[in-house]
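Each remark here refers to the structure printed beneath this line.
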Amino acid sequence: MRARSAARKFLVQALYQHQMGGQPWQDLHRQYSADPSFVRADPEYFRAALAAVCDDAASLDEELRRHSAIAPPRLDPVEHAILYLGIWELMARPDIPYRVVINEAVELAKRFGATDGHRYVNAVLDKASRTHRAVERGAVA
C-alpha cells in the first residue's frame with residue numbers, strides 16, 4: 001500500500017504538470033520514473049494511472065461536472081489533479097475500496113492543496129462514489 005501511496009504522490013505532481021504544460025504522459029512517465037525516490041512507488045500503477053488519466057481527461061472532466069459544483073476549468077489545478085485520479089480510481093479500479101480512494105485523495109489534498117481543498121475533494125469523491133460504488137457502499141440497486 002505504501003508503494004501505491006507513493007505513486008499517487010508522483011501522479012498528482014505529474015497530472016498537475018500535464019495540466020500546466022500539456023506534456024505527453026510518456027514524457028512525464030520518463031521524467032518521474034527517473035527520480036531517485038520513485039523506487040518507493042508502484043511503477044505499474046503509476047504508468048497505468050498516468051496514461052489513463054491523461055488520455056481520458058475530457059471524459060473525466062465530464063464525470064467531474066456531474067459531481068462537482070465547480071466546473072473543471074475553474075478548479076484549482078492541484079485539486080483538479082487529485083480529483084482526476086480519484087474519479088478514475090472510482091470508475092476504473094474496483095479493486096481499490098472506495099474508502100481508500102477517498103482517504104488517499106483527502107490526504108493528498110491536505111498535503112498539496114489549498115487550505116480547505118481537502119473538504120471539497122472529499123465531498124466530490126463521496127458523491128461520485130455513490131454513483132460508481134453504490135453496491136460497495138451497500139446501496140440497494
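Taken as a whole, segment 100-110 holds no residue that is part of a helix (DSSP H, G or I), at pLDDT 95 or above, of a type in the set (S, T, N, Q) and crowded, with 16+ Cβ neighbours inside 10 Å. Residue count for segment 111-123 under the criterion of being more than 20 Å from S5 (Cβ to Cβ) and either modelled with pLDDT of 95 or more or within 13 Å of the chain's Cα centre (by Cα) (or both): the result is 3.
Within segment 1-24, count every residue that is within 24 Å of R74 (Cβ to Cβ), of a type outside the set (K, R) and in a helix (DSSP H, G or I). Going through segment 1-24 one residue at a time, the tally reaches 11. Taken over segment 111-135, the criterion of being aliphatic (A, V, I, L, M) and either without any contact (Cβ under 8 Å) to a residue 60 or more places away in the chain or loosely packed, with under 14 Cβ neighbours inside 10 Å (or both) is satisfied by A114, V121, A123, L125, A134, V135.
Consider V78 carefully, then state whether it is β-branched (V, I, T) and over 20 Å from N122 (Cα atoms). In short, no. For segment 49-79, filtered to residues that are touching a Lys or Arg at 6+ places or on another chain (Cβ under 9 Å) and not in a loop (DSSP other than H, G, I, E, B), the residue that is surrounded by the most Cβ atoms within 10 Å (Cβ to Cβ) is A49.
Looking only at segment 102-128, residues that are touching a Ser or Thr at 6+ places or on another chain (Cβ under 7 Å) and of a type outside the set (D, E) come to 2 in all.
The values are calculated or read from the model by the stated rules, or taken from the named source; none is laboratory data. Because the structure is a prediction, the values reported are computed rather than measured. Here the Cβ is made from the backbone with ideal geometry for all residues, glycine too, and neighbour counts use every protein chain on show.
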